[in-house]
Amino acid sequence: TQRSGGETWFEVGRSKTYTPTADDIGHVLKFECVIVDAETKQPVGHPNTILTSRVIPAPSPSPRCLIPVSGADMLGNLQSDGRVSSSGSFTVLSYNILSDSYASSELYSYCPSWALSWPYRRQNLLREIVGYRADIVCLQEVQNDHFEEFFAPELDKHGYQALYKRKTNEVYSGNIHTIDGCATFFRRDRFSHVKKYEVEFNKAAQSLTEVAVQTTQKKAALNRLVKDNVALIVVLEAKFSNQGADNPGKRQLLCVANTHVNVPQELKDVKIWQVHTLLKGLEKIAASADIPMLVCGDFNSVPGSAPHSLLAMGKVDPMHADLLVDPLAILRPHSKLTHQLPLVSAYSSFLRGVGLGLEQQRRRMDPTTNEPLFTNCTRDFIGTLDYILYTADSLTVESLLELLDEDSLRKDTALPSPEWSSDHIALLAEFRCVPRPRR
């Protein structure tokens, strides 16, 4: 405690970072830095100080609930946190958290600078992510340094094991530490790690150009195809079981793909090709093992686009407008743009499901595409770019995280905001494994 000029200062910490508490609200914080002689431990010179403005309460968005869609509301046990859970089900979160390197005040001028700063956003994001209590967490736009220094150690404290795939950097020219990537976390008490596959679309681009492109066009083709995007695929084994008596002791494996496809909109051919490449890789895994699959990520593709059709319908209409952009002829013949995985978008269950509270959610869905009206909401764009897809022959959707309402979200501003620290909203689905029909 030190008194100066009628003010009393109380020491509240001695660390490089400090997160204000409820007790600090209304008070000014003073950060003091002093140089100390290593041998004598005595201060050298005058301390440097920084004063903040008065601490205000942290904005607290109303919590989002899980809404049952299977009609089996009574089977689960309502936990103290208000979510339905039963031993054989598990939850998966997919969230583009907005990398700090992209969170510029030019792009998001409507967000107060303090709410856009990484020290604030990371605490807000962590609180939100941990609050969902998901068994598997797929994050996109996670900076390399933030994964190592913040997310991996912080989520470790909450019982999560972490896996990470940084984007490649053929195109990227900035600091290697601030390049972002995909991070997948899973609860150690629910799953164990079996295998990890890393997909680098640049490597696939090089293979493709060597085989399919004339020598004279190779350089132009690589310039078009090489975009640094990656996918992280992990195979997990469940530590819980919902197998019937006819199948005791069978290992319950699960394959989870996490990707971020952020190719410019004018390069529609590259976007479709990347999604097709990922799906072909997943088909190979499916062929080698009888395994339920989840595909999570930010695909930067709106519902009804060719990449979305390929993901959710298994094929693309040969007359689709997106296929007109194909200068390298990498999408031909169009009949090859298919896959055999029985993928269905998890959030389409809001339109098919039965149960209480679904009517409000249906109003936040687009009945023509069976997808949410938006998962990304900025001043310049509002629409759906993020999806959780699952293999419908081996998984069933039990419940979904409620969607945000555009009116309440836009009351004051777009995303990110002091309440929500990304320009995307988190998607979360609860699944149950179902026995496959015998072939």
Discussion item. Can you work out the Karplus-derived ³J(HN,Hα) for every residue in the range 418-433? Use 6.51 cos²θ - 1.76 cosθ + 1.60 with θ = phi - 60°, whole Hz, and x for glycine or proline.
Written reply: x, 7, 10, 9, 10, 8, 9, 10, 6, 10, 8, 10, 9, 10, 9, 6
Discussion item. In the chain, if the dipole is taken from +1 on Lys/Arg beta carbons and -1 on Asp/Glu beta carbons about the Cα centre, which of LEU267, ALA58, VAL12 is farthest to the positive end?
Written reply: LEU267
Item to complete: May I ask you to list the chymotrypsin sites (Phe, Trp or Tyr not before Pro) in the range 341-401 that are in a DSSP loop and have at most 16 other Cβ atoms within 10 Å of their Cβ?
Response: PHE381
Worksheet item: Once the principal axes of the Cα atoms of the range 118-168 are found, what is the range along each, listed largest first in whole angstroms?
Response: 31, 24, 16
Worksheet item: Picking from TRP114, TRP420, TRP273, which is most flexible by a Gaussian network model of the chain using Cα springs under 10 Å?
Response: TRP114
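Excluding ligands, DNA and RNA, what is the solvent-accessible area per residue of the range 88-433 at a probe of 1.4 Å, expressed in Å²? Can you show the working numbers first?
On the way: 13870 Å² over 346 residues.
Averaged over the residues of the range 88-433, the accessible area is 40 Å².
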Discussion item. Under 5 Å between amide hydrogens, which residues at least 5 positions from TYR108 or on another chain qualify, with H placed 1.01 Å from N in the peptide plane?
Written reply: none
Discussion item. Let me check I've understood the local charge: for PRO318, count other residues with C-beta under 13 angstrom from its C-beta, Lys and Arg +1, Asp and Glu -1. What total comes out?
Written reply: 0
Response to the item:
Cysteines of the chain without any disulfide-compatible partner (other Cys Cβ under 4.7 Å) are CYS33, CYS65, CYS111, CYS182, CYS255, CYS377, CYS433
Worksheet item: How big is the antiparallel share of DSSP beta bridges in the range 88-433, given as a percent to the nearest 5?
Response: 85
Discussion item. Can you give me the orientation-averaged projected area of the convex hull built on the Cα atoms of the chain, in nm²?
Written reply: 27.5
Practice prompt. Please list the equivalent ellipsoid semi-axes of the range 2-54, computed as the square roots of five times the alpha-carbon gyration tensor eigenvalues, in descending order and whole angstrom.
Written response: 24, 14, 9
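Less than 15 Å Cβ to Cβ from LEU267, Lys/Arg counted +1 and Asp/Glu -1: what total charge do the surrounding residues give?
Values: positive: ARG224, LYS227, LYS268, LYS271; negative: ASP228, GLU266, ASP269, ASP322, ASP326.
Local charge sum for LEU267: -1.
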Worksheet, complete the sentence: Relative contact order in percent for the range 97-173 (Cα pairs under 8 Å, 6+ apart) equals 32
Practice prompt. Could you tell me which of VAL137, HIS46, GLY314 has its Cα farthest along the dipole of the chain towards the positive end, charges placed at Cβ (Lys, Arg +1; Asp, Glu -1), taken about the Cα centre?
Written response: GLY314
Worksheet item: Over the range 272-349, what is the relative contact order in whole percent, taking alpha-carbon pairs under 8 Å and six or more residues apart?
Response: 36
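On full extension of the chain, what length is gained from ARG127 through GLU32, given 0.36 nm per residue of separation minus the C-alpha to C-alpha distance?
On the way: separation 95, 0.36 × 95 = 34.20 nm, distance 2.74 nm.
Fully extending the segment from ARG127 to GLU32 adds 31.5 nm.
Counting pairs of alpha carbon atoms under 8 Å apart in space and at least six apart in sequence, what relative contact order in percent does the chain give?
Numbers: 794 pairs, mean separation 81.7, N = 439.
Relative CO of the chain lands at 19 percent.
Give the percent of DSSP beta bridges with both residues in the range 210-347 that are antiparallel, rounded to the nearest 5. Please report the intermediate quantities before stating the final value.
Numbers: 8 of 14 bridges.
Antiparallel: roughly 55 percent of the beta bridges in the range 210-347.
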Worksheet item: So what are the ³J(HN,Hα) numbers for the range 156-169, from phi and the Karplus equation (6.51, -1.76, 1.60; θ = phi - 60°), rounded to whole Hz, Gly and Pro as x?
Response: 4, 4, 9, x, 9, 8, 10, 9, 8, 9, 7, 4, 6, 10
Worksheet item: Relative to the Cα centre, what is the charge dipole magnitude of the chain, using +1 at the beta carbon of each Lys and Arg, -1 at the beta carbon of each Asp and Glu, and rounding to the nearest 20 debye?
Response: 1200
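Scan the chain and note any complete DSSP helix (H) whose C-alpha atoms cover at least 24 Å along its axis and whose Kyte-Doolittle average is -0.5 or more.
Values: long enough: 268-288 (31 Å, 0.01).
Helix filter hits for the chain: 268-288.
At 37 °C and 0.692 mPa s, grab the translational diffusion coefficient of the range 121-218 from Stokes-Einstein with a Kirkwood Rh over Cα pairs, rounded to a whole number in µm² per second. Working shown, then result.
Details: Rh = 15.5 Å.
It diffuses with D of about 212 µm²/s by this estimate.
Can you give the helix-only mean residue ellipticity at 222 nm for the chain, where every DSSP H stretch with n ≥ 4 adds -39500 (n - 2.57) and the sum goes over all residues, rounded to the nearest 500 deg cm²/dmol? Don't skip to the end; give the middle numbers.
Details: 10 runs with 87 residues, N = 439.
Taking each H run of at least 4 residues, the total per residue is -5500 deg cm²/dmol.
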Worksheet item: Distance from the Cα centre of the range 286-318 to that of the range 336-368, in angstrom?
Response: 14
Worksheet item: For the chain, with the dipole built from +1 on Lys and Arg beta-carbon atoms and -1 on Asp and Glu ones, taken about the Cα centre, which of SER288, SER192, PHE240 lies farthest toward the positive end?
Response: SER288
Worksheet item: Using a 1.4 Å probe on the protein chains only, how many percent of the accessible area of the chain belongs to carbon and sulfur?
Response: 53
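The values are calculated or read from the model by the stated rules, or taken from the named source; none is laboratory data. Computed from a predicted model, the values in this text were never measured in an experiment. Methodologically, a virtual Cβ is constructed for each residue, glycine included, from the backbone with ideal geometry; neighbour enumeration extends over all protein chains shown. We work out accessible area using only protein heavy atoms, side chains counted, and drop any ligands, DNA or RNA first. Shrake-Rupley method; radii C 1.70, N 1.55, O 1.52, S 1.80 Å.
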